[in-house]
Amino acid sequence: MPNPKVAVVTGASRGLGAAFARVLAEEGYALALGARTLSDLERVAASLDAPSLTHPLDVTVPGSVDAFREVTLARFGRVDALIVNAGIGLFKPLEAFTPQEFEQLFAVNVTGAWLTVRAFLEPLKAARGLVVMVSSDVSTRVFPTGGPYCATKFALRALARTLQLEHPELRVLELRPGATDTYFAGSEEGASGKEAYLKAATVAEALRFALRLPQDARLEELALRPAALEPVY
Ligand code: NJP
């Protein structure tokens, strides 16, 4: 049997990351799954029919990201797809943020994404791989209470585009989910009030589309919004 392709997923312990891991396993990838909560990661890995490793990962800590890269390469020796998914949300008026909250949003959503890409760049280049930056439908619009969060996703969009320009051998996709029923921003999956939200499994179908697309195309951007909610632009 040839070695399977290998995918790395950050924030894989629940929500969208767990749904992306499921689709990647179904598409035949071996998996390296990272997040801070190892017990949740192990539960996700045990539910998948794919070779997988789990490793504690805090994307805000350079040494943690590098250690995740090292165990991934030691186990699998290659990286074909990187799903830059770990992210947090906090929503309130601009003046209500503390400096620590503001900085934490950028530390996870922007600096963490950059550290992750930087760590896995060489094996991704060797594989002419796929990088999926999980940003948001708010990477091009804003709304009250969303200022700092939107700013992180605008920044992520800029990083995705820059990465593509600097490394044309990669395929960089900015995946832009709208409101999705996960544990995002302190919520619970399945909590009342989120009936109209996208399912994480639905968003993960967009990843499947990207994985299956013939490689002569560079899929640059995919935005999904819940069909049950009013369109917003
Ligand atoms: O959120 P959630 P989603 N280092 O809370 C991990 C974007 N998005 O799946 O570390 C490493 O269920 C955390 O695990 P743990 C959003 O911005 C969402 O919805 O153990 N990992 C968990 O696995 C984000 O980029 C919506 O706490 C860290 C995961 O991240 C992505 O979708 C809308 C970490 C978060 O799972 C996935 O979010 C939208 C760290 N420092 C964009 N901190 C939406 N859900 O509505 C957290 O536009 N994690």
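Quick rundown of the values:
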item	result
Spherically averaged projected area of the chain from its Cα convex hull (nm²)	12.6
Folded to 0 to 90 degrees: helix 62-76 orientation relative to the chain principal axis, Cα	40
Residues whose placed amide H lies under 5 Å from that of A32, excluding near-sequence neighbours	A7, V8, V9, L53
Among G112, P148, P123 the positive-end extreme of the charge dipole of region 6-224 (Cβ point charges)	P123
Scattering profile of region 68-193 at q = 0.11, 0.23 Å⁻¹ [log10 I(q)/I(0), Debye over alpha-carbon scatterers]	-0.43, -1.31
Between helix 112-127 and the chain: long-axis angle, C-alpha atoms, 0 to 90°, nearest 10	30
Lys/Arg +1, Asp/Glu -1 at C-beta; the chain dipole; positive extreme among L73, I88, A12	L73
Formal net charge of residues neighbouring L130 (Cβ-Cβ distance under 15 Å; K, R +1; D, E -1)	+1
Which listed pairs, of K5/K194; K125/K153; K5/K199; K92/K199, have C-alpha distances above 29 Å, in listed order	K5/K194
Accessible area (Å², 1.4 Å probe, nearest 10) - R22	100
Share of carbon and sulfur in the accessible heavy-atom surface of region 6-224 [1.4 Å probe, %]	55
Region 193-222: GluC sites (Glu not before Pro) falling in loop per DSSP and having at most 10 other Cβ within 10 Å	E195
Probe 1.4 Å, protein heavy atoms only - accessible area per residue of the chain in square angstrom	47
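The values are calculated or read from the model by the stated rules, or taken from the named source; none is laboratory data. A quick note: this is a predicted structure, and the numbers were derived from the prediction, not measured. Cβ coordinates were reconstructed from backbone atoms using ideal geometry, including for glycine residues, and neighbour counts include every protein chain displayed. Quick note on the areas: whole protein, heavy atoms, side chains included, nothing else; ligands and nucleic acids left out. Shrake-Rupley method; radii C 1.70, N 1.55, O 1.52, S 1.80 Å.
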